[in-house]
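Report on the structure given below.
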Amino acid sequence: PRGTRIQVKFKSALLTQVSGSVGGATFARNQGGLYIRARSVPTNPASAFQVAVRNNLATLTNRWTQTLTVAQRGGWATYAQNVPLTGPLGDARPIGALAMYVRCNVPRLQAGLAVQDTFPSVFTLGTFTLGAVSAVAATQLISLNFTATDLWAVAVGGALLLYVSRPQSVGINFFKGPYRYAGRVNGAVVPPVSPQTVGVPFPFVNAQRLFYYAQATFPDGRLTAQTRGSILTT
């Protein structure tokens, strides 16, 4: 019947890895293994946050065609070709030059940082170290421990970015999304002192679970992979 959601887990000697949709079926993987569910058509509520992201995409696409030089676009193409990203099935694959430019700069726009038009000259995503993360209901703040000698922390234009889920029951152990941008810790010539606190986009109470991911953006525009985790609020 309309509105019924059917999800089937299975083992397959033929399909060891599969992700995406074919016809009316969507193939995916979670902690329990491979599963198939009926393909659903997402709604488009056009929330303020969705509109903001779309505006950022439009801004960067226009900037790519109207502002960047041929040399800059070529540099981003070289960086993208030499820095593959991990796909849904765990395989490394390069993405296009514009896609890489957008990937690196959308979080910077979300965080209120300057767009980095000049392509990175170091062909890595870069890394960062995230220590203990905690959330205190009385203050509605998340505390981040980090390594103050990481590249993002030692220069203006770098930042540690935090994205957080809505509060979940403590029994929830898997969360796919969505996440919302919570805040940043700015890098500086004199690095910030660990830990630092960030406000939350969603109010929470004691004994809930918050899922989060963090990324570092470097002064040269590189954006690291995500570090994900969850915490129990206190």
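Kindly check whether there is at least one residue in the range 84-96 that is within 23 Å of Val164 (Cα to Cα), assigned to a helix (DSSP H, G or I) and not β-branched (Val, Ile, Thr). Walk me through how you get there before you give the answer.
Quick first cut of the range 84-96, residues within 23 Å of Val164 (Cα to Cα) only: 85-88.
From the residues that got through so far, the ones that are assigned to a helix (DSSP H, G or I) too are none.
Checked the range 84-96: no residue is within 23 Å of Val164 (Cα to Cα), assigned to a helix (DSSP H, G or I) and not β-branched (Val, Ile, Thr).
Count, please, the residues in the range 60-96 that happen to be loosely packed, with under 14 Cβ neighbours inside 10 Å and not acidic (Asp, Glu).
Narrowing the range 60-96 to residues loosely packed, with under 14 Cβ neighbours inside 10 Å: 61-62, 65-67, 69-71, 74, 82, 84, 86-93, 96.
With not acidic (Asp, Glu) added as a condition, the list becomes 61-62, 65-67, 69-71, 74, 82, 84, 86-90, 92-93, 96.
Total satisfying the criteria: 19.
Condition first: of a type outside the set (A, V, I, L, M), closer than 24 Å to Val115 by Cβ and touching a Ser or Thr at 6+ places or on another chain (Cβ under 6 Å). Now tell me which residues in the range 151-182 satisfy that.
Tyr179
Select from the range 173-197 the residues that are farther than 19 Å from Val106 by Cβ and part of a strand (DSSP E or B) and write down the one among them that is most open to solvent (accessible area, probe 1.4 Å).
Result: Thr197.
Name the pairs whose Cβ atoms lie under 9 Å apart, with the first residue in the range 120-132 and over 27 Å from Ser230 (Cα atoms), the second open to solvent by less than 70 Å² (accessible area, probe 1.4 Å) and among the β-branched types (Val, Ile, Thr), and 6 or more positions between them or separate chains?
The qualifying pairs are Pro120/Val83; Phe123/Thr78; Phe123/Val83.
If Pro219 meets every condition in (1) in a strand (DSSP E or B); (2) out of contact with any helix residue (DSSP H, G or I) (no Cβ under 7 Å at 6 or more places or on another chain); (3) under 28 Å from Gly87 (Cα atoms) apart from one, which number is that one?
In the conditions (1) in a strand (DSSP E or B); (2) out of contact with any helix residue (DSSP H, G or I) (no Cβ under 7 Å at 6 or more places or on another chain); (3) under 28 Å from Gly87 (Cα atoms), Pro219 misses (1) alone.
Got a sec? Which of Val170, Val164, Val136, Val122 is surrounded by fewer than 16 Cβ atoms within 10 Å (Cβ to Cβ), within 30 Å of Thr234 (Cβ to Cβ), of a type in the set (A, V, I, L, M) and in contact with a Lys or Arg (Cβ under 9 Å, 6 or more places away or on another chain)?
Being surrounded by fewer than 16 Cβ atoms within 10 Å (Cβ to Cβ), within 30 Å of Thr234 (Cβ to Cβ), of a type in the set (A, V, I, L, M) and in contact with a Lys or Arg (Cβ under 9 Å, 6 or more places away or on another chain) holds for just one of Val170, Val164, Val136, Val122, which is Val170.
The values are calculated or read from the model by the stated rules, or taken from the named source; none is laboratory data. The shown structure was predicted, so the numbers you read here are calculated from the model rather than taken from an experiment. Virtual Cβ from ideal backbone geometry, glycine too; neighbours counted across all protein chains shown. Calculation scope for accessible area: heavy atoms of the full protein, side chains included, ligands and nucleic acids excluded. Shrake-Rupley method; radii C 1.70, N 1.55, O 1.52, S 1.80 Å.
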